[in-house]
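Read the structure below first, then the notes.
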Amino acid sequence: MTAEKQEYRVLARKYRPKNFSELKGQDALVRTLTNAIETGRIAHAFMLTGVRGVGKTTTARIIARALNCENGPTVNPCGVCDSCKAIAEDRHVDVIEMDAASHTGVENIRSLIDTVQYAPTSARYKVYIIDEVHMLSKGAFNALLKTLEEPPEHVKFVFATTEIRKVPVTVLSRCQRFDLRRIDAGVLEEYFASLLEKEGVKAETGAVALIARAADGSARDGLSLMDQAISRAAGEVTEEQVRGMLGLADRTVTVDLFECIMKGDNASTFITLDSLYKSGAAPLMVVQDLLELTHLLTKMKVSPDLAKDMSLPEAERQRGAAMASALSVPVLTRTWQILLKGVAEVQHAPHPQQALEMLVIRLLYASDQPSPGDLLKQLQDGSVVSAGASAPSGGGAPQGTTIMQKRSGGGTVAAVQPQSTAAVAVQTFEDVVALFGQKREMLLMGHLVNDVHLVKFAVGHIALRVAPTAPQNLTGRVAQLLSDWTGQRWVVSISREEGAPTLAATRDAVHAAEIEDVKKHPVVAEILKFYPTAKLEIQKKDTE
């Protein structure tokens with residue numbers, strides 16, 4: 001006779017932690033409870049709080065097992081004795097679980113209190129687990145107070161809640177409180193990968209990382225997504241399938257979109273936005289990805305060492321560092337505010353994609369506007385002009401210019417012949433970079449500082465060796481803007497020669513030389529003898 005096929009159990013139930021060592025991301029809680037059980041200093045009431053899916057109810061059941069295991073109280077319940085099995089299967093007569101969301105009244109608590117006075121039937125302790133305790137009524141909480149303060153020695157209470165502020169202070173003061181943290185995405189990624197290996201399911205690393213990030217610190221949510229991804233996959237779980245399931249945009253495309261917006265490149269922005277829409281990216285997810293990228297770039301701006309964090313995707317680590325150095329904090333914070341307001345607009349709009357496009361238009365318009373600090377400076381200098389007199393920085397060439405591109409033996413050559421003149425003098429490559437800063441073309445300025453090696457410079461002609469991280473239209477944009485600003489024809493060509501170091505490398509070399517010179521000073525040298533591990537830094541001047 002063939003055995004019946006075992007019923008499938010979802011991953012969240014199948015791999016529910018059975019002891020403290022299996023809990024993920026809750027080291028402080030595990031350490032405290034372990035010490036309490038080993039020393040016999042076990043509280044009579046515990047309050048577990050945290051967001052959904054971090055292990056509150058699981059922890060409550062582990063506490064019940066640890067206290068009632070036949071080998072206990074122990075921090076490592078055996079899992080094979082009658083008490084451990086009964087608690088794991090939710091059928092132990094002395095471990096009473098109650099859902100406060102459906103038992104909110106005084107009569108429910110009174111019926112529970114009436115059983116407190118009786119000794120356990122078979123276990124060491126009678127454990128009452130009340131989930132979502134914040135849902136109890138005011139009368140129910142008041143009925144619980146006296147028993148909670150002075151329970152019989154054989155009784156333990158374990159409460160779980162996602163809304164700790166709704167629990168009266170009088171109840172909190174009678175409990176030992178534990179705040180369960182959101183589980184770090186890196187911890188979840190390792191955990192999910194190990195479970196997939198146990199399940200015999202192949203999955204791309206990027207796919208697991210996406211699910212860990214989408215779980216938002218909740219192991220249960222992540223395992224539910226993992227179940228869904230396995231069901232959708234035909235064999236291996238791929239990153240592309242998970243992106244489609246979650247409605248996410250490719251991170252590289254998100255970086256492209258952000259860069260186009262910051263450059264004010266209208267045409268490229270909407271081409272990228274349309275490709276995201278056709279690939280199935282949810283409009284709200286696109287806004288949230290842009291918000292996350294803005295937050296990351298702002299942190300990189302104030303703490304450049306974040307660009308060395310190898311846990312970040314390569315696109316965000318390399319290109320993000322260049323954008324962070326080129327954009328100012330006021331621009332980034334303004335972008336953050338616009339996107340933050342746009343989340344609600346996209347979420348509640350009848351047509352989310354249209355709301356997203358209107359939000360992007362607002363960002364494109366804002367990218368061409370001066371910051372409040374720039375306006376104040378212009379007011380002080382008396383150089384403010386009307387908004388209608390300035391042309392946008394993106395979306396095509398200025399009126400009155402002719403753009404020519406051709407290929408030569410040395411590479412691509414971009415030349416612009418202006419039909420209007422401007423009184424701006426440029427004599428060196430450093431003058432070119434400074435001019436881009438003055439004209440607030442900060443992204444292009446960043447690429448000129450970090451991504452190009454000067455091969456040849458003459459007024460009207462620049463030859464550059466360009467790094468792969470630079471945009472493909474760099475030479476065309478530089479030639480176009482220089483011609484517009486200076487009133488003369490400029491040719492910017494790409495060369496294969498080595499060229500000079502980047503301006504960023506030159507600046508860092510000068511900075512390092514300055515530090516070495518300072519170290520040679522007798523006073524500094526004497527200090528370094530006493531503090532050999534000290535690090536000498538010279539404050540760089542902020543040129544932005």
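Values for this structure:
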item: Top-ranked residue in the stretch 175-201 [being touching a strand residue (DSSP E or B) at 6+ places or on another chain (Cβ under 7 Å) and charged (D, E, K, R); ranked as surrounded by the most Cβ atoms within 10 Å (Cβ to Cβ)]; result: ARG177
item: So HIS103, is it within 43 Å of the chain's Cα centre (by Cα), over 25 Å from VAL51 (Cβ atoms) and not in a helix (DSSP H, G or I); result: no
item: Filter result for VAL93 (outside the structural domain of SER224 (by TED's automatic domain parsing), aliphatic (A, V, I, L, M), out of contact with any Leu (no Cβ under 6 Å at 6 or more places or on another chain) and under 26 Å from LEU196 (Cα atoms)); result: no
item: Set VAL116, VAL95, VAL106: member being under 18 Å from ALA160 (Cβ atoms), among the aliphatic types (A, V, I, L, M) and in contact with a Ser or Thr (Cβ under 9 Å, 6 or more places away or on another chain); result: VAL95
item: Residues located in the stretch 30-58, provided they are part of a helix (DSSP H, G or I), farther than 17 Å from TYR191 by Cβ and either touching a Phe, Trp or Tyr at 6+ places or on another chain (Cβ under 8 Å) or not assigned by TED's automatic domain parsing to the domain that holds VAL133 (or both); result: THR32, LEU33, THR34
item: Sole residue being surrounded by fewer than 18 Cβ atoms within 10 Å (Cβ to Cβ) and either closer than 20 Å to PRO152 by Cα or outside the structural domain of THR59 (by TED's automatic domain parsing) (or both), chosen from SER111, SER102; result: SER111
item: Yes/no for ILE63 being more than 18 Å from SER194 (Cβ to Cβ), crowded, with 16+ Cβ neighbours inside 10 Å, out of contact with any Phe, Trp or Tyr (no Cβ under 6 Å at 6 or more places or on another chain) and without any contact (Cβ under 8 Å) to a residue 40 or more places away in the chain; result: no
item: Residues of the stretch 192-216 satisfying the condition of being closer than 24 Å to ASP27 by Cβ and in contact with a Gly (Cβ under 8 Å, 6 or more places away or on another chain); result: PHE192, ILE211, ALA212, ALA214, ALA215
item: Count of the stretch 204-214 residues which are closer than 17 Å to LEU11 by Cα and under 12 Å from the mean Cα position of the chain (by Cα); result: 2
item: Counted residues, the stretch 227-252 - those being outside any loop (DSSP other than H, G, I, E, B) and in contact (Cβ under 8 Å) with a residue 24 or more places away in the chain; result: 12
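The values are calculated or read from the model by the stated rules, or taken from the named source; none is laboratory data. Model, not experiment: these values are computed from the prediction. With ideal geometry, Cβ positions are generated from the backbone for all residues, glycine too; neighbour counts draw on all protein chains shown.
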